[in-house]
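The structure appears below as structure tokens.
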Amino acid sequence: MPQYGDYQNAIYLAGLSGVVPEWPVDHATLRARAAAHWPASVRDYVQGGCGDEATQDANAAAFGHWGLTPRMMVDTARRDLSTSLFGRALPSPLFMAPIGVNGICTDDGHGDLAAARAAAATGVPLCASTLANDPLEDVRAACGDTPALFQLYTPRDPDVAASLVARAEAAGYAAIVVTLDTWVTGWRPRDLNTGNFPQLRGHVLANYFTDPAFRALLPQPPEQDAQAAIMTWAATFGRVLTWADLPWLRSLTSLPIVLKGICHPDDARRAIDAGADGIYVSNHGGRQANGGIAAIDLLPDIAAVVAGRVPVLFDSGIRSGTDVIKAVALGADLVGVGRPYCYGLALGGADGCAHVLKCLLAEADLLMAVDGWPTLAAVREAGARRTDR
């Protein structure tokens, strides 16, 4: 049975014939090449964060103060990274976190479809964003047999919200991931300095413009008056959610509901008590609020409160396969990668994205092999410890 770490062997063997990887295998070079490839507006939107970006930087840096302890004399010739989510078997804990501008990350403007094709090629699920350049039905179809999740920015109009959720369920998504922290955007200096907000320029609004409930709000179809449709979107985007809204959200679908943006153990406890089917630990990669604690430092306490009752998803700061394993060790059931796969989309579309995912999985697999953990259960049993105290 192939192992993810075999990707390393393929690279070395190709090197014997003078063939080197088309795309970088390390995050720093990948990030730099994507930044050079993109126009400034896309580069700054994807790479930028809130305020002085201290929280965004802390998210990645904080992995450095969590250490892993290897165990020797363990047979790790075969590693099993498989897991499951809501009864669906998955080959690994890795998934692609929702990115609202996937669509403009590729030169052809169809980055959502490219990410979906990478999911189909690798078995790594995509959490598709409400903000997309291609309709959610097309994105789900492009994922093939790989399960997919649908991330919901809950509209203020209840009929539009219900329509988006119903479409996602009909399209075959496995769960609805409700983002809690983005009814208004945070203070993002990189974008503000250039007055750049892609949605107000008509980008990544395909799910709205193709939605019958949204189109019913318009005096004319978006094809005839795009500016009016954009302004209607701006007036509709972003419902302020409270705990009182959870029964309403639950009434919209029979799919599992995952709450994204949980950063406090009490909120995790309350979410489960109120009927949430999954907890998603995330501070939006530092894009929405500055001054916060690194997400990975929040994960252990939340995982302890959840105590296996529902799945724990995690993102914010994942840059490597080692980061993925550390997140698993600290209590994550599924681990989401964000910006790095966007860089792969920029440089190579679906193939470039798949390359990034394969690199993350290869590093994670090889780390488990070297450190004496044949399964994810062994990773969790070993855990991780703070090295800065």
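Along the Cα-to-Cβ line of Thr387, 7 Å from the Cα, sits a label point; which residues in the stretch 276-320 have backbone N less than 12 Å from it? Answer for the stretch 276-320: none. Here the chain is assigned +1 on the Cβ of each Lys and Arg and -1 on the Cβ of each Asp and Glu. Its dipole about the Cα centre then comes out at about 480 debye. Within the accessible surface of the chain, defined with a 1.4 Å probe on protein heavy atoms only, the carbon and sulfur portion equals 55 percent.
Secondary-structure-derived ellipticity at 222 nm for the chain, considering helices only, amounts to -12500 deg cm²/dmol, per-run term -39500 (n - 2.57) for DSSP H runs with n ≥ 4. On a per residue basis, the stretch 6-386 carries 39 Å² of accessible surface, using protein heavy atoms and a 1.4 Å probe. Rounded, prolate or oblate: which one fits the stretch 16-92, using the alpha carbon gyration tensor with axes a ≥ b ≥ c (rounded when a/c is under 1.5, else prolate when a/b beats b/c, else oblate)? Prolate, because a/c is 1.5 or more and a/b exceeds b/c.
Report the antiparallel proportion of the DSSP beta bridges in the stretch 6-386 as a percent, rounded to a multiple of 5. Rounded to the nearest five, the antiparallel share is 15 percent. In the stretch 6-386, a dipole from Cβ-located charges (positive for Lys and Arg, negative for Asp and Glu) runs towards its positive end, and of Leu252, Thr375, Ala162 it is Thr375 whose Cα lies farthest in that direction. Our note on the geometry: Cα centres of the stretch 83-127 and the stretch 280-347, 16 Å apart. Here the contact order of the stretch 298-367, divided by its residue count and restricted to Cα pairs under 8 Å and six or more residues apart, works out to 32 percent. Applying a length cut-off of 24 Å (Cα extent along the axis) and a mean Kyte-Doolittle floor of 0.0 to the DSSP H helices of the chain leaves 339-371. For the set Trp373, Trp66, Trp243, Trp187, the ranking by accessible area, highest first and with no ligand, DNA or RNA atoms included, is Trp187, Trp243, Trp66, Trp373 under a 1.4 Å probe.
The values are calculated or read from the model by the stated rules, or taken from the named source; none is laboratory data. No experiment lies behind these values; they were computed from the predicted model shown. Don't worry about glycine lacking a Cβ; one is built from the backbone with ideal geometry, like all the others, and counts go over all protein chains shown. Surface accessibility is based on the protein's heavy atoms, side chains included, excluding ligands, DNA and RNA. Shrake-Rupley method; radii C 1.70, N 1.55, O 1.52, S 1.80 Å.
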